[in-house]
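Working notes for the structure below.
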């Protein structure tokens, strides 16, 4: 749930660093850690280990959101509507990918009685998840997915050999 926030935080922090501001990200990080600790205490009592994961994800999302708001205030219009639209698409695709991985893994669980079965379970689940992510990414026109696909296709094409007669 918080993976997009972790990845996004790294990018937003780099924007602050490029403006020679290391203090703002540090303050937000301290706030995020404090929130994480508070949510850990509250949610672990209620939900056990799931509460720990939830607290970590929620604090990451809050930290990312605060960093984005601070950056927007500093820079003005940063096409935040476009950014949040992309985040929403990736979040939707990620949730559906996770559901497919869970369902495929659960369906293959009876076959995972030995190491080969477990490897097959993991491999097929990952392949199904990647397929769903890429397929839905194309359908929703996620720019980064299309960019990745184009980059991979460019590398997989054989290099053209120079024509010896044109030397």
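Tell me, please, whether a residue that is under 24 Å from residue 99 (Cα atoms), part of a helix (DSSP H, G or I) and touching a helix residue (DSSP H, G or I) at 6+ places or on another chain (Cβ under 7 Å) can be found in region 6-18.
Among the residues of region 6-18, at least one is under 24 Å from residue 99 (Cα atoms), part of a helix (DSSP H, G or I) and touching a helix residue (DSSP H, G or I) at 6+ places or on another chain (Cβ under 7 Å), which makes the answer yes.
If the requirement is being within 14 Å of the chain's Cα centre (by Cα) and modelled with pLDDT under 90, which of these qualifies: 111, 96, 91?
Selected residue: 91, the only one of 111, 96, 91 that is within 14 Å of the chain's Cα centre (by Cα) and modelled with pLDDT under 90.
So residue 77 passes all but one of these: (1) outside any helix (DSSP H, G or I); (2) over 22 Å from residue 143 (Cβ atoms). Which condition number does it fail?
Only one criterion in (1) outside any helix (DSSP H, G or I); (2) over 22 Å from residue 143 (Cβ atoms) is unmet by residue 77, namely (2).
The values are calculated or read from the model by the stated rules, or taken from the named source; none is laboratory data. Bear in mind that the values here come from a model prediction, so they are computed numbers and not experimental data. Glycine gets a Cβ as well: all are built from the backbone with ideal geometry, and neighbour counts include every protein chain shown.
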